[in-house]
Amino acid sequence: MIIGRKTEQRELLKAYASKYSEFVAVTGRRRVGKTFLVRETFDYKFAFQHAGLANQNTRAQLREFRQSLIRCGMKKCRVPVDWSDAFLLLSQLLDQQKEGKKVVFIDELPWMDAPRSNFISAIEHFWNGYASARKDILLIICGSATSWIINNVFKDHGGLHNRITYKINLAPFTLNECEQYAKSRHLGMSRYGILECYMVMGGVPFYWSMLERGKSVAQNIDALFFLQTGKLRYEYGELYKSLFKNPE
């Protein structure tokens, strides 16, 4: 069940209903629900879906891309030699599929751009030479490293310049949306309790999803952040490392 996000869903569905191919970028901090939004909006049905690997070299990224191609229906598939070859294989997979809009969802795109991988030029060519020349492709890219997408996609002076047709920035829940979420989960929280949680966790849906019914706010916060086994005890360090190449 999605709380809020009506405007963002309308944008995604508008892009899907377009008579032409569309290129959508979904940005927002980690844990804010970008992947969940896209998957729920399209009922988990994609012509192709892939997620980049964190802290892996180009060879590992290409091997995982091959696995995604196989999972999405490509029966005989070699490991791509480079990103240009990978997107060529993707175009062949899409050519095999039936008529209608084909949703291509690439999650954590910034992680795929390993040093000297020529990833940007490859995705440029895929969009300019293949997808935009058709009318049935909806390419959705997503990533928590918003600065990477801004610098390498939005502000690109090469083949991706002005190619993004929809920009969706997903913000954390408002206080009202946190209240809606707490009610939908039957957490039994008072408005004061919701406010306390909001002051601790902000409106990040992932954190709110960890709250347990039957526990007080203090008990939940203690269990999540302060116990040795707390699920969010090391969240700050993990989040920091995910955003920077040299977090130290």
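Worth pointing out:
- Farthest positive-ward along the chain dipole, Cα basis, beta-carbon charges - from LEU37, LEU227, TRP148: LEU37
- Volume per residue of the convex hull around the Cα atoms, evaluated for region 77-216, comes out as 178 Å³.
- List PHE65, PHE225, PHE42, ordered by accessible area with a 1.4 Å probe, largest first: PHE225, PHE42, PHE65
- Among ARG31, ARG163, ARG233: highest mean-square fluctuation, GNM of the chain, C-alpha pairs under 10 Å: ARG233
- Cα centroid separation, region 5-20 to region 63-121 (Å): 23
- Angle in degrees between helix 58-71 and the longest Cα principal axis of the chain, rounded to the nearest 10: 90
- In straight-distance terms, cross-link reach from LYS75 covers every one of the aspartates and glutamates whose alpha-carbon lies under 16 Å from its own, apart from those fewer than eight places away in the same chain; here that gives GLU64, ASP95.
- Placing unit charges on the Cβ atoms only, positive for Lys and Arg and negative for Asp and Glu, gives the chain a dipole magnitude near 500 debye about its Cα centre.
- Value of Rg to Rh for the chain (Rh from inverse mean 1/r over Cα pairs, i.e. Kirkwood): 1.01
- Degrees, to the nearest 10: 83-95 long Cα axis against longest axis of the chain: 90
- THR146 exposes around 40 Å² of accessible area when a 1.4 Å probe is run over every protein chain in place.
- Extending 7 Å from Cα along the Cβ direction at SER184 and again at TYR20 yields two label points whose distance is 3.4 nm.
- Of all lysines in the structure, those lying under 27 Å Cα to Cα from LYS241, and not within fewer than 8 positions of it along the same chain, are LYS34, LYS155, LYS167, LYS231.
- Rounded to 10°, Cα long-axis angle of helix 119-129 versus longest principal axis of the chain: 60
- Kirkwood Rh in Å, taken over all unlike Cα pairs in region 58-101: 10.6
- Counting only protein heavy atoms and a 1.4 Å probe, region 36-151 has 47 square angstrom of accessible area per residue.
- Ordered from highest to lowest accessible area with the whole protein assembly present and a 1.4 Å probe, MET210, MET1, MET74, MET199 read as MET1, MET199, MET210, MET74.
- Accessible surface of the chain, 1.4 Å probe: 52 percent of it comes from carbon and sulfur atoms.
- Within the chain, helix-based [θ] at 222 nm, where runs of 4 or more DSSP H residues each add -39,500 (n - 2.57), nearest 500: -11500 deg cm²/dmol
- Solution diffusion estimate, µm²/s, Stokes-Einstein, region 3-112, Kirkwood Rh from C-alpha pairs, 25 °C, viscosity 0.890 mPa s: 162
The values are calculated or read from the model by the stated rules, or taken from the named source; none is laboratory data. On a predicted model such as this, the values are computed, not experimentally measured, just so you know. Cβ coordinates were reconstructed from backbone atoms using ideal geometry, including for glycine residues, and neighbour counts include every protein chain displayed. Only protein heavy atoms, including side chains, enter the accessible area calculation; ligands, DNA and RNA are left aside. Shrake-Rupley method; radii C 1.70, N 1.55, O 1.52, S 1.80 Å.
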